[in-house]
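A short write-up of the structure that comes next.
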Amino acid sequence: MKHILTLLLAVLLLVSCKDEKKTNEEVATLETEAQAEIQDVTYASFGKKIASTDALPAKRMAVHYSNMKVGDTIDAKMIAKVDEVCQAKGCWMTLDLPDGEEVMVKFKDYGFFMPKDISGKEVVINGKAYVNEVPVDEQRHYAEDGGASAEEIAKITEPKKTLSFEADGVLLKED
């Protein structure tokens with residue numbers, strides 16, 4: 001009887017280990033497939049060379065911005081969709097955040113510019129996120145660069161709290 005219980009225990013142990021190995025193999029296969037999908041994405045690089053890994057989604061970055069006040073700065077990497085690009089020379093862009101918010105992105109030391117036709121495309125940006133107050137004349141300048149009408153520009157009359165980002169590197173997702 002003692003030998004039968006030992007044998008039964010050994011068989012159960014082997015079967016359970018075999019299932020665990022299968023589960024680990026399934027997980028490893030799923031992770032490999034996910035990595036392959038990520039690697040299949042190609043990006044055009046602008047500015048400093050960066051990787052797309054560990055970028056926060058726009059929704060998560062919005063949480064960080066909601067906890068910041070004017071003057072706060074954090075190092076960050078985020079992924080978001082482009083809303084608008086400077087039509088004069090590509091020297092700034094705005095990115096969509098949830099709830100209708102947007103982030104004004106400028107490029108460190110004007111070291112690089114973005115293509116003017118990337119609205120709606122996905123980008124990964126790396127650099128410093130901050131909150132600032134933009135004076136009226138600067139808001140009007142951006143509105144003019146963005147192609148706003150004289151009427152729209154004239155409606156800008158007060159400084160505005162702005163979610164901002166100084167990017168030192170950008171990855172533009174290629175189709």
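In terms of distances greater than 31 angstrom between alpha carbons, the cross-link table entries Lys49/Lys155; Lys116/Lys160; Lys49/Lys81 yield Lys49/Lys155. Converting phi to 3J(HN,Hα) with the Karplus coefficients 6.51, -1.76 and 1.60 and the offset θ = phi - 60°, region 113-129 yields 10, 9, x, 7, 10, 10, 4, x, 8, 8, 10, 10, 10, 10, x, 10, 8 Hz in sequence order, with x at every glycine or proline.
Exposure proxy for Arg140, Arg60: other Cβ atoms within 10 Å of each Cβ, ordered fewest to most, give Arg60, Arg140. Counted over region 69-175, the DSSP beta bridges are approximately 85% antiparallel. If you add up the charges near Gly111, with Lys and Arg at +1 and Asp and Glu at -1, over every other residue whose beta carbon is less than 9 angstrom from its beta carbon, what do you get? Neighbour charge sum, excluding Gly111 itself: 0.
Laboratory data are not the source of any read-out in this text; all were calculated from the coordinates shown. Being a predicted model, the structure only gives us computed values, none of them experimental. Glycine gets a Cβ as well: all are built from the backbone with ideal geometry, and neighbour counts include every protein chain shown.
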